[in-house]
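Scroll down for the structure; my scribbles are underneath it.
Quick note: the coordinates plus some simple rules give every number you see, no bench work behind them. This is a predicted model, so every value here is computed, not measured. Positions of Cβ are generated from backbone atoms using ideal geometry, with glycine treated the same way; all protein chains shown enter the neighbour counts.
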Amino acid sequence: MRAVALKDLSPKGGYVVVPSAELKEILRQLTDLRQLVEEALIQEALIQKNLIQEQEPTKEEILAGIAEGYKEAQLILAGKLESKSLTQFLNEL
């Protein structure tokens, strides 16, 4: 197993050893996250400059969401699906 030693920038200093494969995955995820953030910032800037408008959900999308929530509630009440805590729910938003 190959590993990379990274300098720890915390006040205590030192080094952190990370397996190479794990470091590559972390860097890939950071790249994906950076791209998502950049896209969101561009979208927000365009909305603020009124170059594009936020799209409101259609009636069909709203009704489909309500139907999906109803089915999920029925599955939870029947014990076929695990319910989520408020914290889990809020973290999804």
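A few points about this structure:
- Helix 59-77 axis, angle to the chain major axis (alpha carbon atoms, nearest 10°): 80
- Oblate is the label for the range 1-55. Its Cα gyration tensor axes, ordered a ≥ b ≥ c, give a/c of at least 1.5 and b/c at or above a/b.
- Sequence-ordered 3J(HN,Hα) estimates for the range 7-15 from the Karplus curve with 6.51, -1.76 and 1.60 and θ = phi - 60° stand at 6, 7, 8, 5, x, 6, x, x, 10 Hz, glycine and proline given as x.
- Net charge dipole size for the range 44-93 [Lys, Arg +1 and Asp, Glu -1 on Cβ; Debye, nearest 20]: 140
- About its Cα centre, the chain has a charge dipole of approximately 540 debye under the convention of +1 per Lys or Arg Cβ and -1 per Asp or Glu Cβ, with nothing else charged.
- Taking each DSSP H run with n ≥ 4 as -39500 (n - 2.57) and averaging over every residue of the chain yields -20000 deg cm²/dmol at 222 nm.
- Pair-distance distribution of the chain: all C-alpha pairs, bin width 10 Å, starting at 0; shares per bin in whole percent are 12, 18, 23, 26, 17, 4.
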